[in-house]
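We did not get these values from a lab; they are worked out from the coordinates using the rules stated. Keep in mind the model is a prediction, meaning the values are calculated, not measured. Backbone-built Cβ (ideal geometry, glycine too); neighbour counts: all protein chains shown.
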Amino acid sequence: MYILAYWERCYITIAHDSELCTLLTPTLTQIDSYRTGVCRFKILYIIVVEVMNEELIAPCGMNCAICSGYLAYHHDVKSKGIRMPYCIGCRPRDKKCAFLKKRCELLISNKVRYCYECSSFPCEGLKHLDNRYRTYFKMSMIENLEYIKNIGIKPFLEKQEEKWKCPKCGEVICCHNGLCFNCSLDGLRQKKQKYRWEDK
């Protein structure tokens, strides 16, 4: 998960009572006091944002949180001089899947949430997509779906967070090139094939 923090200064009227001040939360720190009884405090707000989110798991089993399009959008790489397409995730954008949905009546009509709910799972389209991702991107949609079906979505998200965690900064490694879009931007800029793990 990402932990975002920011400070805000505020002014509160409070009695000059040291015992009362000890009751303040650790994120509330007194930095000035005035004769009028107004004390100035510095408040730390902590916002926790889940890196792996159920809404970022596509029907086909793709984890959009590790996709180059989502990571490019999330880190706004265009503003840093890297030209890559943006995507907010398959479910959030709610458009026909470029690989499966436009050919699948069940997905088009939203009759299934995940492809494993289909009697034809895994269909030929999913097998073809899965083979491509196994070959080039070190992941399997079918394995993801089987894990979600048999173990559950929460354990799956925890496993994904551990698997794709950047060892340097703790953020997410991209499945399409093996790079962290937070701490490896220079490597991404220099990479000739942005959708392969190794340049050839």
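Tabulated data
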item	result
Residue pairs, from the table K127/K165; K80/K191; K138/K194; K127/K192; K159/K194; K159/K191, whose Cα atoms sit over 21 Å apart	K127/K165; K127/K192; K159/K194; K159/K191
Förster radius 30 Å - calculated FRET efficiency between E55 and Q193 (Cβ-Cβ, nearest 0.05)	0.50
Burial ordering of S68, S140, S79, fewest other beta-carbon atoms within 10 Å first	S79, S140, S68
Extension gain from Y136 to R93, taking 0.36 nm per residue of separation minus the Cα-Cα distance	13.0 nm
Full-stretch length increase - S120, R83 - with 0.36 nm per residue and alpha-carbon distance subtracted	9.5 nm
GluC sites (Glu not before Pro) within segment 152-200: DSSP coil, no more than 11 neighbouring Cβ in 10 Å	E198
